[in-house]
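> Below is a structure I'd like to ask you about.
The values are calculated or read from the model by the stated rules, or taken from the named source; none is laboratory data. Values in this document were obtained by computation on a predicted structure and should not be read as measured data. Cβ coordinates were reconstructed from backbone atoms using ideal geometry, including for glycine residues, and neighbour counts include every protein chain displayed.
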Ligand code: ADP
Ligand code: ASP
Ligand code: MG
């Protein structure tokens, strides 16, 4: 009997009706002869609503208590899904992340999984039951407190359990028919990608394509766990995320074709930009600035340093970071202002990042020229640029993101002429 892990996102379990639909699909998988472990997210926008509620009570809620609150969202859906399955005549047992053996470090709000000991899940399966696990949560090895894995983290719970239980596949059910060449909410003519490598999916996820949590893709790659992204609202074939077969991608018909140069266009509105204005052009200043920021446990993304103005001997350094870390970064920098002697700080959270991803960039010159020409034709001004081997990203004004994504998508001929990508549910929050 093979074991399948299925994860259902918030929009797939948003109300009683969808929970009953999901239960049908789970039971059908069980009846087809598989052992089934299900990971669920909180219903609809519950997590966002709980965060808003917490912030009404306290503007900066303590991390431990916020995690305790947020994990309640997934507990609600796990119990309801188990009940709906029981109603169809199958035994289902629900488990919190801690009961399922998801052991993490103690970083509240962005805990990392350090071990998975799914003894109770194995026991439930051996007893013939379907196991339902609350996503996005674990328990800290050192403090024994309840932790969360960061927004979108249920995907990571699913892959971690799949790896620990030796599952054949990890299926991620969401509100679109798979991974597309751009977010179907912005580009309705986006194409479904039948198969994508871990490497390209990692870059897409890191660039904001939130259809898969970044750490889930990292985890899957490390353990060689195939991910199958599908819609819980259709029977469409979806997207396989697997190891790359060199030089080829498999088409739906099963034949190989030449690797597409470009996988897709991703965007991210979750970042802000900090500019440190008038930094003295001396050895060690950048080190001092970024030591202060990393000391506040903040991950930064893009960095740009301008050439210093000859007249003043000073330069500006800009970097991007998650909006949620903006205030902490400004505080950390203000503290070192007397020592570094920069002039002032500027903060802009009305930005967006647009990225073009594709493994074929390595061997195809001219990709960046075409990318920048597409942005210029669309009248989009570029504020920052960064690249990796298989990605080009720019920071633009928040209001230009949709236009930029659509025009780059068109320029690289990614549009599906008769495509109308379906978004089945969800608010896109
Ligand atoms: P879930 O609640 O199921 O985890 P998410 O909202 O986290 O769902 O992820 C699914 C959403 O990801 C889609 O509704 C879509 O708007 C967005 N998305 C962004 N980029 C892409 C992409 N390249 N392909 C598919 N979906 C994408
Ligand atoms: N409910 C959590 C969130 O909204 C985790 C998840 O859905 O993956 O971020
Ligand atoms: Mg998600």
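> When you go through 274, 307 one by one, which is the residue that is touching a helix residue (DSSP H, G or I) at 6+ places or on another chain (Cβ under 9 Å) and either free of Cβ contacts under 8 Å to residues at least 24 places away in the same chain or surrounded by 16 or more Cβ atoms within 10 Å (Cβ to Cβ) (or both)? Lay out the reasoning, then the answer.
Numbers: 307 fails: touching a helix residue (DSSP H, G or I) at 6+ places or on another chain (Cβ under 9 Å).
The match here is 274.
> Take the stretch 71-95 and flag every residue that is over 13 Å from residue 41 (Cα atoms), in a helix (DSSP H, G or I) and in contact with a helix residue (DSSP H, G or I) (Cβ under 6 Å, 6 or more places away or on another chain).
Result: 84, 85.
> Please give the number of the condition residue 189 fails out of (1) closer than 27 Å to residue 14 by Cα; (2) outside any strand (DSSP E or B); (3) under 15 Å from the mean Cα position of the chain (by Cα).
Residue 189 satisfies every listed condition except (3).
> If residue 272 meets every condition in (1) more than 30 Å from residue 348 (Cα to Cα); (2) touching a strand residue (DSSP E or B) at 6+ places or on another chain (Cβ under 8 Å); (3) modelled with pLDDT of 95 or more apart from one, which number is that one?
Tallying (1) more than 30 Å from residue 348 (Cα to Cα); (2) touching a strand residue (DSSP E or B) at 6+ places or on another chain (Cβ under 8 Å); (3) modelled with pLDDT of 95 or more, residue 272 fails exactly one: (1).
> Is one or more of the residues making up the stretch 153-162 surrounded by fewer than 23 Cβ atoms within 10 Å (Cβ to Cβ) and either in contact with a strand residue (DSSP E or B) (Cβ under 6 Å, 6 or more places away or on another chain) or free of Cβ contacts under 8 Å to residues at least 60 places away in the same chain (or both)?
Looking through the stretch 153-162, none of the residues is surrounded by fewer than 23 Cβ atoms within 10 Å (Cβ to Cβ) and either in contact with a strand residue (DSSP E or B) (Cβ under 6 Å, 6 or more places away or on another chain) or free of Cβ contacts under 8 Å to residues at least 60 places away in the same chain (or both).
> If you take just the strands (runs of 3 or more DSSP E) that sit entirely in the stretch 121-180, which of them hold at least 3 residues that are within 13 Å of ligand 2 (Cβ to nearest atom), modelled with pLDDT of 95 or more and under 18 Å from the mean Cα position of the chain (by Cα)?
Values: elements: 130-134, 137-140, 146-148, 169-174.
Where strands (runs of 3 or more DSSP E) fall fully within the stretch 121-180 and carry at least 3 residues being within 13 Å of ligand 2 (Cβ to nearest atom), modelled with pLDDT of 95 or more and under 18 Å from the mean Cα position of the chain (by Cα), they are 169-174.
> Can you pull out every residue in the stretch 35-60 that is surrounded by fewer than 19 Cβ atoms within 10 Å (Cβ to Cβ) and either outside any helix (DSSP H, G or I) or in contact (Cβ under 8 Å) with a residue 24 or more places away in the chain (or both)?
As a first pass, look at the stretch 35-60 and keep what is surrounded by fewer than 19 Cβ atoms within 10 Å (Cβ to Cβ): 45, 48-60.
45, 48, 58, 59, 60, listed by residue number.
> So residue 198 passes all but one of these: (1) surrounded by 23 or more Cβ atoms within 10 Å (Cβ to Cβ); (2) under 17 Å from the mean Cα position of the chain (by Cα); (3) away from ligand 1 (no atom under 12 Å from the Cβ). Which condition number does it fail?
(1)
> Another one. Among the residues of the stretch 206-232, write down those that are part of a loop (DSSP other than H, G, I, E, B), away from ligand 2 (no atom under 16 Å from the Cβ) and surrounded by fewer than 20 Cβ atoms within 10 Å (Cβ to Cβ).
We begin by selecting, within the stretch 206-232, every residue part of a loop (DSSP other than H, G, I, E, B); these are 207-213, 224-226, 232.
Applying the additional criterion that residues be away from ligand 2 (no atom under 16 Å from the Cβ) yields 207, 224-226.
Across the stretch 206-232, the qualifying residues are 224, 226.
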